[in-house]
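Visitor: There's a structure below that I have some questions on.
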Amino acid sequence: MLNQEIVKLLNEQLNKELYSAYLYLDMANYYADQNLSGFENWFYVQAQEERDHAMLFRQYLLNNGESVVLTEVAAPNEKYNNFKDPLVKALEHEKYVTASINNIYEAAMKIKDFRTMQFLDWFISEQGEEEKNADDNIKKYDLFAGDPKGLYMLDNEMKARVYTAPSLVL
Ligand code: FEO
């Protein structure tokens with residue numbers, strides 16, 4: 001059994017991860033509409049990873065005998081004004097998710113819930129990677145996407161991203 005406040009936070013995080021998947025799918029759709037299939041691929045893979053994150057929270061709750069509470073997932077409702085826009089919004093979103101994970105970690109630490117802290121350790125380092133990847137995308141865009149040829153090459157690089165299952169297995 002887990003502390004019920006922690007359970008609430010974990011269920012909320014599950015929803016936030018599903019929303020992340022929804023948000024990145026929306027970005028993939030935007031790039032598909034713009035015929036940038038590499039950027040589309042990058043965000044489609046990202047959406048798959050976010051779904052995996054949600055399932056890890058689900059499994060952790062179940063493994064601890066807690067009920068999983070699914071709530072409504074909000075529509076992304078984002079407007080993208082240019083090709084760089086989703087990249088910037090993705091980094092902002094990852095910073096928001098990092099803060100959310102840190103918040104659960106802090107709550108777990110306060111009540112000495114070492115098991116949840118250990119579970120969240122994977123997400124703490126994953127968020128470091130996610131923020132770096134999002135930041136790298138912005139930097140590459142600024143460096144290389146200034147002309148059609150550069151954009152084409154960057155799109156090809158983004159096309160190479162492949163989905164891999166999370167290294168954390170519960
Ligand atoms: Fe699940 Fe991108 O954090």
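Visitor: Just to be sure, is Arg58 outside any loop (DSSP other than H, G, I, E, B), buried (at least 17 other Cβ atoms within 10 Å of the Cβ) and away from the ligand (no atom under 12 Å from the Cβ)? Give the derivation first.
Guide: Details: outside any loop (DSSP other than H, G, I, E, B): yes; buried (at least 17 other Cβ atoms within 10 Å of the Cβ): yes; away from the ligand (no atom under 12 Å from the Cβ): yes.
Yes; evaluated as a whole, the condition is true for this residue.
Visitor: How many residues does region 137-170 contain that are within 15 Å of the chain's Cα centre (by Cα) and within 16 Å of Asp85 (Cα to Cα)?
Guide: 1
Visitor: Then there is this: Which residue pairs have Cβ atoms under 8 Å apart, sit 6 or more places apart or on different chains, and have a first residue in region 145-170 that is under 30 Å from Arg58 (Cα atoms) and a second that is surrounded by fewer than 13 Cβ atoms within 10 Å (Cβ to Cβ)?
Guide: Note: pairs meeting the criteria are Leu170/Asn63.
Visitor: Right, next: Looking at region 79-97, can you tell me whether even one residue there is of a type outside the set (S, T, N, Q) and modelled with pLDDT under 95? Before you say what the answer is, go through the steps one by one.
Guide: Of region 79-97, the ones of a type outside the set (S, T, N, Q) are 79-80, 83-97.
So of that shortlist, the ones also modelled with pLDDT under 95 come out as 79.
Within region 79-97, one or more residues are of a type outside the set (S, T, N, Q) and modelled with pLDDT under 95.
Visitor: Another question, if that's okay. Report, by residue number, each residue of region 111-160 that is basic (Lys, Arg) and in contact with a helix residue (DSSP H, G or I) (Cβ under 7 Å, 6 or more places away or on another chain).
Guide: Lys140, Lys159, listed by residue number.
Visitor: Only residues in region 108-135 that are farther than 27 Å from Trp42 by Cα count as the first member; pair them with residues that are surrounded by fewer than 12 Cβ atoms within 10 Å (Cβ to Cβ) and among the polar types (S, T, N, Q), Cβ under 6 angstrom, at least 6 apart or cross-chain, and list the lot.
Guide: none
Visitor: Among the residues of region 7-35, count how many are buried (at least 19 other Cβ atoms within 10 Å of the Cβ), within 16 Å of the ligand (Cβ to nearest atom) and among the aromatic types (Phe, Trp, Tyr).
Guide: 2
Visitor: Condition first: among the small types (Gly, Ala, Ser), within 13 Å of the ligand (Cβ to nearest atom) and in contact with an Asp or Glu (Cβ under 7 Å, 6 or more places away or on another chain). Now tell me which residues in region 91-127 satisfy that. Steps first, please.
Guide: To start, the set of residues in region 91-127 that are among the small types (Gly, Ala, Ser) comprises 99-100, 107-108, 125.
With the extra rule that they be within 13 Å of the ligand (Cβ to nearest atom), the set shrinks to 99-100, 125.
Within region 91-127, no residue meets the criteria.
Visitor: Name the pairs whose Cβ atoms lie under 6 Å apart, with the first residue in region 40-61 and aliphatic (A, V, I, L, M), the second within 11 Å of the ligand (Cβ to nearest atom) and modelled with pLDDT of 95 or more, and 6 or more positions between them or separate chains?
Guide: These pairs meet every condition: Ala47/Ala21; Ala47/Tyr24; Ala54/Leu14; Ala54/Glu17; Ala54/Leu18.
Visitor: Condition test on Gln4, is it modelled with pLDDT of 95 or more, of a type outside the set (Ser, Thr, Tyr), more than 20 Å from Gln127 (Cα to Cα) and more than 14 Å from the ligand (Cβ to nearest atom)? Give the steps one after another, and end with the answer.
Guide: Numbers: modelled with pLDDT of 95 or more: yes; of a type outside the set (Ser, Thr, Tyr): yes; more than 20 Å from Gln127 (Cα to Cα): yes; more than 14 Å from the ligand (Cβ to nearest atom): yes.
It is true that Gln4 is modelled with pLDDT of 95 or more, of a type outside the set (Ser, Thr, Tyr), more than 20 Å from Gln127 (Cα to Cα) and more than 14 Å from the ligand (Cβ to nearest atom).
The values are calculated or read from the model by the stated rules, or taken from the named source; none is laboratory data. What you are looking at is a predicted structure, and each value in this text was computed from that prediction instead of being measured. Note that each Cβ is placed from the backbone with ideal geometry, even for glycine, and that neighbours are counted across all protein chains shown.
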